[in-house]
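I am attaching a structure below and will ask some questions about it afterwards.
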Amino acid sequence: MLNTEQRLSILRANRHLSRAPAGVIETIAERAEEMDFAKGAVIFSRQEPSVYCYVLVSGHISHPEVQAAEEQFAIARETTVPGQLFGWAAAVEGMPDRIISARCDAPTRVLAFDGKWFQDLCRSHGEPGLQALQDLVRSYAGHERTVSGRRGWLSIRNVQKVYDPFGKSVVAVDGCSIEVRPGEFCAIVGPSGCGKSTLLNAVAGFDTITSGEIHLDGERINAADMKPKPGPDRIVVFQHGALFPWATVLENMIRGPIVQNKMSKAQAVQRARDLLARVGLSKVESRYPAGMSSGMCRRVEIARALMNDPRVILLDEPFRGLDALTKTVVHNALLEMYEMERRTVLFITHDLEEAIYLADRVLVMTTRPGSIKQTIFVDLQRPRPTELLGKEEFLQLKEEAIAAVHEEAVKAFEAGEREMA
Ligand code: ADP
């Protein structure tokens, strides 16, 4: 049996439950039933009349029946993430009975609570309660790979990365789980050396992981037992830039899709010109990188990232080293492109202001071995004007992020001191 503290921590791991009005999550922790299921068991079925919400404690759930036609129910197809809420859609939507079955692919423990009761509980809290409920609905609509045709659900599950496991082993990342919804802009911040790039490289397919799994739209793209491969579905934009110096902007833009036989030259030129025009770069199409400022090069690179129609855009400190003024310009260019295309973005930075200005969600990593310490939800409306940087709600989020990162930076510093001693 879990104690109340453990239950609370599992419930809080859920993005939306943890935002429920004060008292709701505590009430659920007390009220929820703990249930154990054997491998192969079916948790609920169409026939079962009661409506329950479930939160995964441990194990592996899959919903093999979720099909395209069931879009409106938007239920997770698969999860191993403790704290994941599943099977609630029926309750929230007021469905009379179960709509699908969830199968346990391993011995599984869940916290179960009555969906109708939860719905009433949220509603009785007025506006914040309704907000929590709506968040849940939205969460499921986009959270997992649903059928809406939106791609780019990135699922990082309990990842560990040990460098040089047989020598002087360095545990860079440990127990790291992140779910990025299709089209979400997710930033990761943390002290230097906490494992941010390690994680991004694992997603990009540049490096192996020691344990855990990474899925993109339900497909395993990295795991301990496989050799990952980079692919055009995951485009990386690096800090040092990667434009071909011998090619013009237009040639840089069209090269990838032509080499990969994804587009004819005419199609690629059309798409490139379209993208350049949308971000005000048409005039530079015949310039070479050496003849452009670094800010301009970064903007071209971001536009180029979209050429390949990626599911996820991975940015590793892409604006490091740019002066403050140039940064604002490239931030706005990135936001503009994000608004246009709404691709899933995983953005790594040590610049907290940048993270909050750009992202829907900022994840603060712990000091090495890195895992997720805190989530900061950035509920600031888009499009985001530059004036937002001085607004109270922005500054509050920034303060929250500074406090979280500072604590980890101090730990990292002290650990460094110990290592040196
Ligand atoms: P961040 O991006 O947060 O600055 P990294 O992911 O680059 O951190 O590194 C995390 C930790 O892993 C650091 O301690 C770093 O020294 C170590 N590390 C990174 N790459 C390697 C490698 N190839 N071999 C050994 N240790 C590594």
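Could you list, in sequence order, all residues of region 392-416 that are among the small types (Gly, Ala, Ser), over 18 Å from Thr349 (Cα atoms) and in contact with a Leu (Cβ under 8 Å, 6 or more places away or on another chain)?
none
Out of the residues in region 202-215 that are out of contact with any helix residue (DSSP H, G or I) (no Cβ under 8 Å at 6 or more places or on another chain) and open to solvent by less than 40 Å² (accessible area, probe 1.4 Å), state the one that is nearest to the ligand (Cβ to nearest atom).
Among those that are out of contact with any helix residue (DSSP H, G or I) (no Cβ under 8 Å at 6 or more places or on another chain) and open to solvent by less than 40 Å² (accessible area, probe 1.4 Å), it is Ala202.
If only one of Ile235, Ile188 is among the β-branched types (Val, Ile, Thr) and under 21 Å from Val405 (Cα atoms), which one is it?
Ile188
Here's a follow-up. Take the residues of region 137-162 that are within 16 Å of the ligand (Cβ to nearest atom) and β-branched (Val, Ile, Thr): which is modelled with the highest pLDDT?
Here the residue is Val162.
Give all pairs with beta carbons closer than 6 Å in which a residue from region 364-375 that is farther than 19 Å from Asp351 by Cβ meets a residue that is hydrophobic (A, V, I, L, M, F, W, C) and surrounded by fewer than 17 Cβ atoms within 10 Å (Cβ to Cβ); count only pairs at least 6 apart in sequence or on separate chains.
Final answer for the pair search is Pro369/Val171.
What's the total number of residues in region 258-281 that are surrounded by 14 or more Cβ atoms within 10 Å (Cβ to Cβ) and either among the aliphatic types (A, V, I, L, M) or at pLDDT below 90 (or both)?
Qualifying residue count, region 258-281: 11.
Having 1 or more residues that are within 25 Å of Pro232 (Cα to Cα) is the bar; report the helices (runs of 4 or more DSSP H) wholly within region 306-421 that clear it.
Those helices (runs of 4 or more DSSP H) span 324-341, 352-358.
Matching residues to (1) of a type outside the set (Gly, Ala, Ser); (2) in contact with a Gly (Cβ under 7 Å, 6 or more places away or on another chain):
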site	(1), (2)
Val330	yes, yes
Ala333	no, no
Thr344	yes, yes
Phe347	yes, no
Glu354	yes, no
Arg361	yes, no
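Would you mind listing the strands (runs of 3 or more DSSP E) fully within region 143-224 where at least 2 residues are under 23 Å from Ser62 (Cα atoms)?
Of the strands (runs of 3 or more DSSP E) lying wholly inside region 143-224, those with at least 2 residues that are under 23 Å from Ser62 (Cα atoms) span 154-163, 170-180, 211-216, 219-223.
Which of the residues spanning region 156-181 are open to solvent by 10 Å² or more (accessible area, probe 1.4 Å), more than 17 Å from Ala13 (Cα to Cα) and not aromatic (Phe, Trp, Tyr)?
Gln160, Lys161, Val162, Asp164, Pro165, Gly167, Lys168, Ser169, Val170, Val171
Let me ask another. Go over the candidates Pro165, Pro232, Pro245 one by one and state the one that is more than 16 Å from the ligand (Cβ to nearest atom), out of contact with any Asp or Glu (no Cβ under 9 Å at 6 or more places or on another chain) and over 30 Å from Asp379 (Cα atoms).
Only one candidate passes the filter, namely Pro245.
For every residue, the table says whether it meets (1) within 20 Å of Ser177 (Cβ to Cβ); (2) under 14 Å from the mean Cα position of the chain (by Cα); (3) within 16 Å of the ligand (Cβ to nearest atom).
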site	(1), (2), (3)
Glu354	no, no, yes
Met365	yes, yes, yes
Gln374	yes, yes, yes
Pro383	no, no, no
Leu389	no, no, no
Leu397	no, no, no
Glu400	no, no, no
His406	no, no, yes
Ala409	no, no, yes
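Within region 171-188, identify whether any single residue is among the hydroxyl-bearing types (Ser, Thr, Tyr) and within 16 Å of the ligand (Cβ to nearest atom), and answer yes or no.
no
Answer yes or no as to whether Ala303 is among the small types (Gly, Ala, Ser), under 26 Å from Arg181 (Cα atoms) and not assigned by TED's automatic domain parsing to the domain that holds Arg157.
yes
Okay, moving on. Being under 13 Å from Ile188 (Cα atoms) and open to solvent by 60 Å² or more (accessible area, probe 1.4 Å) narrows it down to one of Glu387, Glu353, so name that one.
Glu353
Against the definition (more than 15 Å from the chain's Cα centre (by Cα) and within 12 Å of the ligand (Cβ to nearest atom)), how does Gly195 come out, yes or no?
Judged against the criteria, Gly195 is a match.
How about region 340-351: which of its residues are away from the ligand (no atom under 14 Å from the Cβ) and within 17 Å of the chain's Cα centre (by Cα)?
Across region 340-351, the qualifying residues are Glu341, Arg342, Arg343, Thr344, Val345.
Oh, and also: Considering each residue of region 103-119, count those that are closer than 18 Å to Gly218 by Cβ and either at pLDDT below 75 or of a type in the set (D, E, K, R) (or both), and give that number.
2
If you scan region 323-342, which residues turn out to be free of Cβ contacts under 8 Å to residues at least 40 places away in the same chain and surrounded by fewer than 19 Cβ atoms within 10 Å (Cβ to Cβ)?
The answer is Asp323, Ala324, Leu325, Thr326, Val329, Glu341.
The values are calculated or read from the model by the stated rules, or taken from the named source; none is laboratory data. All values reported here derive from a predicted model rather than from experimental measurement. Cβ atoms come from the backbone with ideal geometry, glycine included; neighbour counts cover every protein chain shown. Side chains included, ligands, DNA and RNA excluded: accessible areas come from the protein's heavy atoms. Shrake-Rupley method; radii C 1.70, N 1.55, O 1.52, S 1.80 Å.
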